[in-house]
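> One structure, as structure tokens, below. Some questions next.
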Amino acid sequence: MPEDPDHHHDADAALGRAYVLTEHLSMSLQSGTRDFGLTTARTRALQCVLENPPMTQRDLAGALRCSTRQVTALVDALEKSGHVRRDPHPTDRRAHIVALTERGHRDADRVRHLRASTAQRLFDGVDPHDLDAFVRVADTLIARSDRVRPRPEE
């Protein structure tokens, strides 16, 4: 049954919808990436490195909003699985550049295609004005969440 367009939802109803959508998206990503042996965290890391080269481990920690300690463990696992390698930093001998291997590029591209097909299925037929509004609201909520979330420990 279509909703009354004059009915306004409260913040609790909106949050409930956000949780349901989050669960659906998480399950979709997990089922797709499980086929090539990646967890959600490893998938996010690969995408960050693919989209923002060159990237140090500290840069990656900032992009993933986690501690450098957590990123070290994540990069260790991705290095062990053959997805990334650590290259020497050209000017800082204490830092390393996280770079994708051939396997890392291949799997990151597969994840990108999975995301694109999920976006197509999810947003197909949604009015462009509604999609613009969705993105604006999501950006506002993400920025607000970033301001109230405590910084991870270094």
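Quick note: the coordinates plus some simple rules give every number you see, no bench work behind them. Because the structure is a prediction, the values reported are computed rather than measured. Because the Cβ atoms are built from the backbone with ideal geometry, glycine has one as well, and the counts that use them run over all protein chains shown.
> Principal axes first, then extents: for the Cα atoms of the chain, list largest minus smallest coordinate on each axis, whole Å, largest first.
Computed over the chain, the largest-to-smallest principal extents equal 61, 34, 23 Å.
> A further question follows. Using the count of nearby Cβ atoms within 10 Å as a rough guide to exposure, how do 24, 129 rank from fewest to most?
On the way: 24 12, 129 8.
Lowest count first: 129, 24.
> Averaging sequence separations of C-alpha pairs under 8 Å and six or more residues apart, then dividing by the length of the stretch 4-154, give the relative contact order as a whole percent. It would help to have the intermediate numbers written out before the result.
Working: 116 pairs, mean separation 34.1, N = 151.
For the stretch 4-154, the relative contact order is 23 percent.
> Given the options 86, 94, 110, which has the most mean-square fluctuation in a GNM of the chain, springs set between C-alpha atoms less than 10 angstrom apart?
Greatest mean-square fluctuation among the candidates belongs to 94.
> Set the Förster radius R0 to 30 Å, insert the Cβ-Cβ distance between residue 113 and residue 145 as r into 1/(1 + (r/R0)^6), and round the FRET efficiency to 0.05. Write out the running numbers ahead of the final one.
Working: r = 28 Å, r/R0 = 0.93.
Working from the Cβ atoms, E equals 0.60.
> Let me ask something additional. Taking R0 as 25 Å, what's the FRET efficiency between residue 9 and residue 47 from their Cβ-Cβ distance, rounded to 0.05? Walk me through the intermediate numbers first.
Working: r = 32 Å, r/R0 = 1.27.
For residue 9 and residue 47, the calculated efficiency is 0.20.
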